[in-house]
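*Asks:* What follows is a single structure, and I will ask about it in a moment.
The values are calculated or read from the model by the stated rules, or taken from the named source; none is laboratory data. Just so it is clear, the structure is predicted and the values come from calculations on it, not from any experiment. Heads up, the Cβs are rebuilt from the backbone with ideal geometry, glycines too, and the neighbour counts pull from every protein chain shown.
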Amino acid sequence: MPEEATRRARVAVFVSGRGSNMAALLYASRLPGAPYEVALVASNDPDAEGLALAEAEGVATFALSHRGKARGDHDSAMEQAAREAGAEYIALAGYMRILTPGFVQRWEGRMLNIHPSLLPNYTGLDTHARAIAAGDSHGGVSVHLVTEDLDAGEVLGQIRVAIRAGETADSLAERVRFAEHQLYPRVLARHVSRPFDAEWLLGRVRALALALPETHERESHGAPGWRVGTKKSGKYFAYFSDRHHGTPHISLLVKCDGMDELEELVEDQPHAYHKPAYYGASGWLGVILDRADIDWDSVAERLQRSWTAVAPKGATKLINAADSF
Ligand code: GAR
């Protein structure tokens, strides 16, 4: 079986109460082929029901009351527990705390939340009562990425739930809960799989490559590649390699400063760089894309450097001008 199929992302789940969403995430993770495992269940309430359930299921737990503690100190302790458990992602599941900006930033793209409304409608609390009072035909649930603004990050998935005549906030909440338990495990599974999905990686690289001036895409020996200059005489500055020539990686091939830099990077950071077959010999560096901790800013920088190395003089003026702003 290929390595990708067996690799499981480690997720810390934060709860404040019952933990039914945590239970849904946990049991889904125990299905064959699940792409994540629950490495830790942590709570700001040592009496949270969810903690007892996790313990009974043999999952590591961490509890620390927030009472009498500065928000930053409590967040730091929760974050440290997640890191010590080797978590790569944090799933907030009924975690009723607002997080400090630094914490949120460090987990950007890797912290998810479930919210009981069809975002962007009804951020905050009392979502069901507000949807009913507004006369909405549907309530629902959203899973979104956590950003500094409350309930405002990219929505990764939603389910609509019909509001019936005579509906109360409690009756709607109960039905939305069924939808939550379906939605969260699926969205989390898809999200943690994305960094290893060739199509998704290609989409990201393509957007970065084509954002550089005077570029276009052209296939080369069956692999997507990007050139700078005219369609007629442009030169390649990047290729996308999906496990070509027996390499185990999905990678981006870019020009670097020369053989010395290439050999040094591959030796010092073998998890991030490799010397691609054939291309490596002529100075193309392989930037490994299919890894959980990829830094997309550095991928963008590598692309730009490669672009600068091969671009005609006229084009590099454009980027130098853009950089000076
Ligand atoms: C869930 O309904 C979740 O959507 C909501 O808390 C409940 C937790 O239930 N979250 C929020 O309101 C976040 N703003 P659970 O503890 O049984 O999973």
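*Asks:* Filter segment 167-214 for residues that are in a loop (DSSP other than H, G, I, E, B) and in contact (Cβ under 8 Å) with a residue 12 or more places away in the chain and give the result. Give the steps one after another, and end with the answer.
*Replies:* Narrowing segment 167-214 to residues in a loop (DSSP other than H, G, I, E, B): 167-168, 197, 211-214.
Once the filter is applied, which keeps residues that are in a loop (DSSP other than H, G, I, E, B) and in contact (Cβ under 8 Å) with a residue 12 or more places away in the chain, segment 167-214 yields 167, 168, 212, 213, 214.
*Asks:* Need at least 2 residues that are closer than 30 Å to residue 83 by Cβ and in contact (Cβ under 8 Å) with a residue 40 or more places away in the chain per element, so show me which helices (runs of 4 or more DSSP H) inside segment 233-325 make the cut, counting only ones lying wholly within it.
*Replies:* On the way: elements: 259-268, 296-310, 313-323.
The qualifying helices (runs of 4 or more DSSP H) are 296-310.
*Asks:* Among what's in segment 201-227 and is loosely packed, with under 15 Cβ neighbours inside 10 Å and out of contact with any strand residue (DSSP E or B) (no Cβ under 8 Å at 6 or more places or on another chain), pick the residue that is nearest to residue 142 (Cα to Cα).
*Replies:* Only one residue tops the list, namely 203.
*Asks:* Specify which of the listed residues (85, 70) is of a type in the set (A, V, I, L, M) and over 16 Å from residue 37 (Cβ atoms).
*Replies:* Unique residue meeting the criteria: 70.
*Asks:* Follow-up. Give the number of residues within segment 54-83 that are without any contact (Cβ under 8 Å) to a residue 24 or more places away in the chain and acidic (Asp, Glu).
*Replies:* Total satisfying the criteria: 2.
*Asks:* Select from segment 24-53 the residues that are of a type in the set (A, V, I, L, M, F, W, C), free of Cβ contacts under 8 Å to residues at least 40 places away in the same chain and closer than 24 Å to residue 193 by Cβ and list them in ascending order.
*Replies:* 26, 31, 38, 41, listed by residue number.
*Asks:* Now a separate question. Does residue 2 satisfy the criteria of being out of contact with any His (no Cβ under 6 Å at 6 or more places or on another chain), surrounded by fewer than 18 Cβ atoms within 10 Å (Cβ to Cβ) and at pLDDT 95 or above?
*Replies:* Numbers: out of contact with any His (no Cβ under 6 Å at 6 or more places or on another chain): yes; surrounded by fewer than 18 Cβ atoms within 10 Å (Cβ to Cβ): yes; at pLDDT 95 or above: no.
Criteria not met by residue 2.
Residue-wise test of (1) loosely packed, with under 13 Cβ neighbours inside 10 Å; (2) assigned by TED's automatic domain parsing to the domain that holds residue 213; (3) modelled with pLDDT under 90.
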{"site": "287", "(1), (2), (3)": "no, yes, no"}
{"site": "298", "(1), (2), (3)": "yes, yes, no"}
{"site": "303", "(1), (2), (3)": "no, yes, no"}
{"site": "310", "(1), (2), (3)": "no, yes, no"}
{"site": "314", "(1), (2), (3)": "yes, yes, yes"}
{"site": "317", "(1), (2), (3)": "yes, yes, yes"}
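*Asks:* So which residues in segment 137-166 are of a type in the set (Asp, Glu) and buried (at least 16 other Cβ atoms within 10 Å of the Cβ)?
*Replies:* Once the filter is applied, which keeps residues that are of a type in the set (Asp, Glu) and buried (at least 16 other Cβ atoms within 10 Å of the Cβ), segment 137-166 yields only 151.
*Asks:* With the requirement that a residue be closer than 20 Å to residue 316 by Cβ, under 27 Å from the mean Cα position of the chain (by Cα) and among the small types (Gly, Ala, Ser), what does segment 234-263 give you?
*Replies:* 238
*Asks:* Filter segment 116-155 down to the residues that are of a type in the set (Val, Ile, Thr) and more than 15 Å from the ligand (Cβ to nearest atom) and list them by number.
*Replies:* Of everything in segment 116-155, just one residue is of a type in the set (Val, Ile, Thr) and more than 15 Å from the ligand (Cβ to nearest atom), namely 132.
*Asks:* Taking the conditions exactly as written (of a type in the set (Val, Ile, Thr), touching a strand residue (DSSP E or B) at 6+ places or on another chain (Cβ under 9 Å), assigned by TED's automatic domain parsing to the domain that holds residue 191 and more than 14 Å from residue 43 (Cβ to Cβ)), does residue 104 satisfy them or not?
*Replies:* On the way: of a type in the set (Val, Ile, Thr): yes; touching a strand residue (DSSP E or B) at 6+ places or on another chain (Cβ under 9 Å): yes; assigned by TED's automatic domain parsing to the domain that holds residue 191: yes; more than 14 Å from residue 43 (Cβ to Cβ): yes.
Here the answer is yes, as residue 104 does meet what is asked.
*Asks:* Does residue 175 count as within 30 Å of residue 239 (Cβ to Cβ) and basic (Lys, Arg)?
*Replies:* Considered against the rule, which asks whether it is within 30 Å of residue 239 (Cβ to Cβ) and basic (Lys, Arg), residue 175 comes out as no.
*Asks:* Restricting to segment 146-166, and then to whatever is farther than 11 Å from residue 119 by Cβ and touching a residue at least 24 places away in the same chain (Cβ under 8 Å), can you tell me which residue is nearest to the chain's Cα centre (by Cα)?
*Replies:* Per the stated criteria, the residue is 146.
*Asks:* Please give the number of the condition residue 227 fails out of (1) free of Cβ contacts under 8 Å to residues at least 40 places away in the same chain; (2) away from the ligand (no atom under 13 Å from the Cβ); (3) in a strand (DSSP E or B); (4) closer than 25 Å to residue 99 by Cα.
*Replies:* Here residue 227 meets the rest and fails (4).
*Asks:* Out of all the residues in segment 117-158, which are in contact with a Leu (Cβ under 9 Å, 6 or more places away or on another chain), part of a loop (DSSP other than H, G, I, E, B) and not acidic (Asp, Glu)?
*Replies:* Answer for segment 117-158, where residues must be in contact with a Leu (Cβ under 9 Å, 6 or more places away or on another chain), part of a loop (DSSP other than H, G, I, E, B) and not acidic (Asp, Glu): 123, 124, 146, 152, 153.
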